[in-house]
Each structure stands twice: as C-alpha cells, then as structure tokens.
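For reference, the structure discussed in these notes is given below.
Values quoted throughout were computed directly from the atomic coordinates according to the rules given, and no laboratory measurement underlies them. All values derive from a computational prediction rather than experimental measurement. With ideal geometry, Cβ positions are generated from the backbone for all residues, glycine too; neighbour counts draw on all protein chains shown.
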Amino acid sequence: MEGIVMESVWVAVGFVVFVALIWRRVGAAVGGMLDDRSQKIKQDLDEARALREEALEELHQFQRLHREAAEEAKTMLKNAEATAERIRENAEKAAAETVKRREVQASAKIKAAEAAMVKELQERAANLAIATATEIITSKLDEKASLELVDTAVGEIEKLN
C-alpha cells in the first residue's frame, strides 16, 4: 500500500505543480486580460467624462444663445410696437390733415356756390329791373321825354369814362 500512497502523493504533488504552473501562466494571462479590460474601461470612462464635459459646455452655450435670442426677440418686439405706435400716430395726423383739407375744400366750394348764386340772383334782379323799367318807360314816356332820358344817360356814361 505504501506504493499506492506514494504514487498518489506524487500524483497530487504533480497535480499541484501542474495547477501552480498553469495558474501562474493563466493567472498572468487572466491578470493581463483584466488589466487590459480595466485599462479599456478606464479609457471609456475618461472618454465618457470628456464627452459629458463637452455636452455640458454645448448645453451652456445653447442656453446662452437661447437667452440672447429671447432678449433679441424682446427688443425686436419693443421696436415693432414703437414703430406701430409711430405709424398709428402718423396715420392719425394724416387723417386729421386730410379731413381738414377736405373741410377747407368743401368750405371753398360752398363759398363759390354761394357767390355764384348771389351773382345769378343779382343778374336776375338786374334783368327783372331792366325789364320792368323798360316796360314802365315805354308805357309812360313820350318821344320828348325819352330823348331827354337818353341824353341824360349818355352824359352819365361820359362822366364814368
């Protein structure tokens, strides 16, 4: 039995040496793989941090641009409101001036129409007076009185000239 135990011991020692040698090589390989994997994870984390920082920087830049655009929009809105107010005021002034001008034109037309009417009435009154005077003169005057009247009229006309 002693031979079997000895063989078993040698098999066990050989197995332990074999496992130790394999563990050393496999451990070094596994350690190298783990180190490589750890290094890759570290690189990925560093890259992720850099990307996060870039993203935050871009976010801040876009937020700043958004604020600037909002301020510019407010300024444009204020300018548009001021321009609209000026346009409204100018339109009111123009409308008032147009109304005033039309009132003046209407007043001038009314005065012209009144003057024309007065002139027409004066002409009618003069024509009516002449017709009435002619009728009265022809019915009441004789030849001698009419010659005296003509002489008097000619004398007055000469005085006017």
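Mind checking whether some residue in region 117-131 is surrounded by 10 or more Cβ atoms within 10 Å (Cβ to Cβ) and under 49 Å from the mean Cα position of the chain (by Cα)? No - not one qualifying residue is present in region 117-131. Here Lys140 meets the list (1) touching a residue at least 12 places away in the same chain (Cβ under 8 Å); (2) loosely packed, with under 10 Cβ neighbours inside 10 Å almost entirely, failing just condition (1).
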